[in-house]
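Structure, as structure tokens:
The values are calculated or read from the model by the stated rules, or taken from the named source; none is laboratory data. Computed from a prediction, not measured in an experiment: that's the story for all the values here. Cβ atoms come from the backbone with ideal geometry, glycine included; neighbour counts cover every protein chain shown.
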Amino acid sequence: MEPSRSQQYRSTRGGSKGFTFEAAVLKGLADDSGLFLPHAIPALPSDWRSAWAHLSFQELAFNVLSLYISPSEIPADDLKDLVHRSYATFRDSDVTPLRHLRKKDNLYLLELFHGPTFAFKDVALQFLGNLFEYFLKRKNQGKSDADRHKITVVGATSGDTGSAAIYGLRNKEDVSVFILHPRGRVSPIQEAQMTTVLDANVHNIAVEGTFDDCQDIVKQLFGDADFNSKYNLGAINSINWARILAQIVYYFHSYFTLLRSLGLPPTSPEAERIQLRYVVPTGNFGDILAGYYAKSMGLPVSKLIVATNANDILNRFFQSGRYEKKEAPAGHEADGQLPQAADGAAAAPDGAKETLSPAMDILVSSNFERLLWYLAGEAETEGGEEGAQKAGEILAGWMNELKTNGRFAVSDKVLEAGRRDFGSERVSDEQTLETIQAFYAGEPGENPYILDPHTAVGIAAAIRTSSPETYTISLSTAHPAKFSAAVDTALKKFPGYNFDQVLPEEFKGLLEKEKRIEYVQRADISLVKEVIERLA
């Protein structure tokens, strides 16, 4: 069976197309430095509401993934096995359970932290790890050790991607893993989750710099044709299409869970009248981009709300149509501390700010490129293959301008197209703490709920943008125990509060375990190359 258009992949920058799903997954980044996306977004089956309404998460995942993966590449039974193995490690039978957060309104929380590393990245990276293993086993069947195809997975993390990738790929045959993180800018638990995994194929690199520095180095490595070819680089950041694909599933799952909780048959007039919006705490834009794909496929979503912290490049884009890095305040304090931004977030020299929600301390959101490609195609072209090519050229121009000048601006038509599906909010550290406190205090008759700071950013934005006519689902991206400093800062004044009540058994003693880590003294690609060449 020939793959459909939704099962073939192209680059956002127009330089290449017609890739298989396997090629898109193993390459990660296109040769022209673009990101892979499907030639077409598939429409849902005509009976999807009734046929999918009572499926388990795993069954629903198989149905969604099958629209993007040809059975000629991964036969149905193999795909089912991959899905079931990927989510067998989750602690909740629902995988991503939905919680009605406050009885007084229509605010719901989608808990995405029930995987092995207590973060939403597990949903995609458990699947991606199994995909790498599946494709490599198939490539290497019957080959001698000398002829085996091996890949070197390289990724950058602001905290959660690294540990989720490591847990998804640890001890996988023919895979070496190198994770870059900004030294001192991830939480102690996040660092320990990564660096205490001592499997021989796992390597952690702490870089003096920011997440954006780490991300830039990874992109440069993929852009180095000789290095890429020598080490067969593979991507685990959300630039990898499989990451986005796996995350589409929980949007559909949460929709059906909501209908069941309301007692509404999926094809009833009441169900079809529901106004649903999703709010997503956003760093690299992958999590909310999955919601855009779900909406484009036909999930009835009225709006997707981007929630940012002080690193608000996305919020500023949706307000103005300008995508630009903010200049850092001039100068440093005499004692070496970083200067403070207006809302108290310490600003790094390149403009990134340290906040209570560090996984979102990102200046340039890599996955935003995928959305921009769609917006350029819709607003600036006539569609079709010629329009797709032109969209790639427009997008490549924007990305070159961003690289050269640190900014670009889109037309009013492009901005209007983006605002049709997206809204945005900026949440300060002070508002983050207030939100954690409010939900711990709770409403009369309700139990306390402890939010992690990223989830609190989303909830604060959700409260601002919700209405009585709308059901709002805010995504909870991490377990609060991963961010003890922020949680303790917010809740230490409450009588009876003790962080031990938050701490999962898996985290106890983690900070005292043996660690293995490589240190790179500056954000320099040559230094990172030296580490990979020595250890790969």
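Please determine whether any residue of the stretch 32-41 is among the acidic types (Asp, Glu) and either assigned to a strand (DSSP E or B) or at pLDDT 95 or above (or both).
The answer is no, given that none of the residues of the stretch 32-41 is among the acidic types (Asp, Glu) and either assigned to a strand (DSSP E or B) or at pLDDT 95 or above (or both).
Ala61 fails exactly one of the following numbered conditions: (1) crowded, with 17+ Cβ neighbours inside 10 Å; (2) under 30 Å from Gly223 (Cα atoms). What is the number of that condition?
(2)
Residue by residue through the stretch 106-139, note down the ones that are more than 16 Å from Met194 (Cα to Cα) and basic (Lys, Arg).
Scanning the stretch 106-139 gives Lys137, Arg138, Lys139.
Inspect all residues belonging to the stretch 127-141 and state whether any of them is more than 18 Å from Gln247 (Cα to Cα) and not in a helix (DSSP H, G or I).
yes
Let's see how each residue does on (1) among the small types (Gly, Ala, Ser); (2) in contact with a His (Cβ under 8 Å, 6 or more places away or on another chain); (3) modelled with pLDDT of 95 or more; (4) under 30 Å from Asp488 (Cα atoms):
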| position | (1), (2), (3), (4) |
| --- | --- |
| Glu378 | no, no, yes, no |
| Glu393 | no, no, yes, no |
| Gly397 | yes, no, yes, no |
| Glu443 | no, no, no, yes |
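Read through the list (1) modelled with pLDDT of 95 or more; (2) outside any helix (DSSP H, G or I), then give the number of the only condition that Ala334 fails.
For Ala334, the exception is condition (1).
State which residue is nearest to Ala307 (Cα to Cα) when the search covers only the stretch 372-390 and only residues that are buried (at least 21 other Cβ atoms within 10 Å of the Cβ) and not small (Gly, Ala, Ser).
Taking the candidates together, the pick is Leu372.
Among the residues of the stretch 176-194, count how many are over 20 Å from Asp213 (Cα atoms) and either modelled with pLDDT of 95 or more or of a type in the set (D, E, K, R) (or both).
Summing the residues that are over 20 Å from Asp213 (Cα atoms) and either modelled with pLDDT of 95 or more or of a type in the set (D, E, K, R) (or both) in the stretch 176-194 gives 3.
Scanning for something in contact with a Pro (Cβ under 6 Å, 6 or more places away or on another chain) and surrounded by 17 or more Cβ atoms within 10 Å (Cβ to Cβ), does the stretch 487-505 turn up at least one residue?
yes
Any chance the stretch 83-91 includes a residue that's modelled with pLDDT under 95 and surrounded by 17 or more Cβ atoms within 10 Å (Cβ to Cβ)? So that I can check it myself, show each step before the final result.
To start, the set of residues in the stretch 83-91 that are modelled with pLDDT under 95 comprises 89.
Then keep just the ones that are surrounded by 17 or more Cβ atoms within 10 Å (Cβ to Cβ); that gives none.
Scanning the stretch 83-91 turns up no residue that is modelled with pLDDT under 95 and surrounded by 17 or more Cβ atoms within 10 Å (Cβ to Cβ).
Tell me, which helices (runs of 4 or more DSSP H) wholly within the stretch 357-438 include 1 or more residues that are of a type in the set (Ser, Thr, Tyr)?
Filter on the stretch 357-438 gives 368-380, 384-405.
Return the residues of the stretch 168-184 that are surrounded by fewer than 22 Cβ atoms within 10 Å (Cβ to Cβ) and touching a Ser or Thr at 6+ places or on another chain (Cβ under 9 Å); say none if nothing qualifies.
Val175, Ser176
Within the stretch 12-29, restricting attention to residues that are more than 19 Å from the chain's Cα centre (by Cα) and not charged (D, E, K, R), which residue is nearest to Ala396 (Cα to Cα)?
Of all residues in the stretch 12-29, those more than 19 Å from the chain's Cα centre (by Cα) come to 13-23.
Then drop every residue that is not not charged (D, E, K, R), which leaves 14-16, 18-21, 23.
Details: Gly14: 8, Gly15: 10, Ser16: 13, Gly18: 19, Phe19: 19, Thr20: 22, Phe21: 23, Ala23: 22 Å.
Filtering first and then ranking leaves Gly14.
In this structure, does Arg49 turn out to be modelled with pLDDT of 95 or more, crowded, with 17+ Cβ neighbours inside 10 Å, over 27 Å from Ala225 (Cβ atoms) and of a type in the set (Lys, Arg)?
Details: modelled with pLDDT of 95 or more: yes; crowded, with 17+ Cβ neighbours inside 10 Å: yes; over 27 Å from Ala225 (Cβ atoms): yes; of a type in the set (Lys, Arg): yes.
The answer is yes for Arg49.
Return yes when Ala462 is among the hydrophobic types (A, V, I, L, M, F, W, C), touching a strand residue (DSSP E or B) at 6+ places or on another chain (Cβ under 8 Å), in contact (Cβ under 8 Å) with a residue 60 or more places away in the chain and under 30 Å from Ser11 (Cα atoms) and no when it is not.
Criteria not met by Ala462.
Among the candidates Ile473, Ile450, single out the residue that is part of a strand (DSSP E or B) and within 27 Å of the chain's Cα centre (by Cα).
Working: Ile450 fails: part of a strand (DSSP E or B).
That would be Ile473, the only listed residue that is part of a strand (DSSP E or B) and within 27 Å of the chain's Cα centre (by Cα).
Looking at (1) in contact (Cβ under 8 Å) with a residue 24 or more places away in the chain; (2) surrounded by fewer than 18 Cβ atoms within 10 Å (Cβ to Cβ), which one does Gly162 not meet, given that it meets all the others?
(2)
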